[in-house]
1. For the chain, what relative contact order do you get, as a whole percent, if you take Cα pairs closer than 8 Å and at least 6 residues apart?
2. Need the full-extension length gain, residue 555 to residue 580, defined as separation in residues times 0.36 nm minus the C-alpha distance. One decimal, nm.
3. Label-point separation (nm) for residue 169 and residue 453, each offset 7 Å from Cα along Cα-to-Cβ?
4. Taking the Cα atoms only, what angle lies between the long axis of helix 29-49 and the longest principal axis of the chain, rounded to 10 degrees?
5. Any chance you could list P(r) for region 4-229, counting all Cα-Cα pairs in 10 angstrom bins from zero, rounded to whole %?
6. In degrees from 0 to 90, rounded to the nearest 10, what is the angle of the helix 246-257 Cα long axis to the longest principal axis of the chain?
7. Quick check on region 236-377: of the DSSP beta bridges with both residues there, what percent are antiparallel, nearest 5%?
8. Rounded to whole Å and sorted largest first, what semi-axes of the equivalent ellipsoid does the C-alpha gyration tensor of region 495-624 yield via the square root of 5 times each eigenvalue?
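Bear in mind these aren't lab numbers, they're just calculated from the coordinates by the rules spelled out. Since we're looking at a predicted model, the values are computed, not measured. All Cβ positions, glycine included, derive from the backbone under ideal geometry; neighbour counts span all protein chains shown.
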Ligand code: ADP
């Protein structure tokens, strides 16, 4: 192929612009990215060679070599991995296949510091070379192709790149960085070694650099022809726990997760039994930007007998634990295991169950012994953990114990166990209410009788809570009962006298109730007297089994249709407004008052009026009259 010029995809241009103009801190991560690409290329070759050993040619020892030329001001990262054909170089180095580019740019724009570290999270690693280079040359030959089918790719990282065919005996890739003016610090063996030690120590292939010796004439260290391995190349998880320090565990986490912060907790075990494997799992301290993407693959890497098999092995973790990062190394799975096979494997199922239990134990431990830390975890990941209740039947009780809510007792951090401790004599149900916000939940008229009696109510205001309630209907034998559904039955919590008074009030209100039923026929399914209200004249409830108003609104917001169910209006016969209504019987004002009563109940529940102008007109009339 003659030399040909190609244009970068528009997104690449944007990324390159950002990379070269705005990343100032942590510049050195470019080396981690390029070494990581080189190591991935070796993993890919090893994987392809499982079926076609000939791909190894005569060089089965996979490795990465880092070298520099102080005079030419170049830095070269060489691997003997899978390499690229000309077509692959054009496709992979000229476009971005991955989603997340836009998020990456948005994240960069928002950042004041412009931390280059962000790059790793978004999988656009190759371009990070342009942080320090004003030209990059890539020379490559794909494994299995002839020497004449090599490729040279050159670009200054602006609008375009050039590609031509070359002859290249060695399989694999050289990435040659022509360093920018001012980036000479990377032309130092000591500097490069320290960066590799910091970011790439765990890479399980040898990373080689030329060893150096002192040159008396030049009075400086100079390269020799000898290559030495500069990383430990020891897979951390294979070492015994007692040999690993906390700092090493943390460093490893940072290397695999690209997270700057220390993890919240980790667990490292060798599991023996029907299936043998090692797990090293971390719970991060902060949620990633794409936590809400349920399609995102997990953060767990799969190894088989220390050989890297795949990233993001989602079959190893349930979806609701997608924030967990780490490594699983199996002794039993075949090396050529595919994603499809993983889904079906019984060993994988056993691993997933084992790992899930481990993560739950880890969280239980934090919840028990480091309450503040757990509160922080709950803020970051609580809503995701709630997905588990519907997904993981086997662990539902353990999950429910880990959940935390707001309640009428405390604004956050209430567990079902705390609630149980505070239950009143004779109380059987755990009372809950769902609402759009904490303020709305607290202001619900349905809470009045519970407040008066000092009974705690859980205030559920997360979007997933409604969904969660469809799976979590009891906790240790105590039914979860919505105070906004069905009639209140305080059962043993109400004494005889109160019951009698309530019955008498309901009896007295009967004619009024009948009249209201007729007047509000079009809007309310039923009207009844209630004891649940203390300060409010009326409230809206739905029938047991009907969809709550809050859920119906959520569905509508999400563009889904919700069944149109009419609510029930409950009135407080003791309230002055209701008494006034009673005395307005037969007059013209009765209708207006009845409509206003209903509208107010809808508003108090967080709903919207179908005819707000009508409501305003009626209230004005009443105010004026
Ligand atoms: P990512 O590595 O996250 O896919 P990059 O921008 O770093 O994104 O690299 C883009 C693609 O270029 C890689 O997916 C790979 O196909 C190819 N590539 C990069 N470096 C190498 C290399 N050293 N050997 C072979 N292919 C490479």
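1. 8 percent
2. Values: separation 25, 0.36 × 25 = 9.00 nm, distance 3.74 nm.
Going from the current span to full extension adds 5.3 nm.
3. 9.0 nm
4. Its long axis makes an angle of about 80 degrees.
5. Final binned percentages: 8, 32, 37, 19, 4, 0.
6. 90 degrees
7. The antiparallel fraction comes to roughly 75 percent.
8. Values: eigenvalues 127, 83, 29 Å².
Working from the Cα gyration tensor, I get semi-axes of 25, 20, 12 Å.
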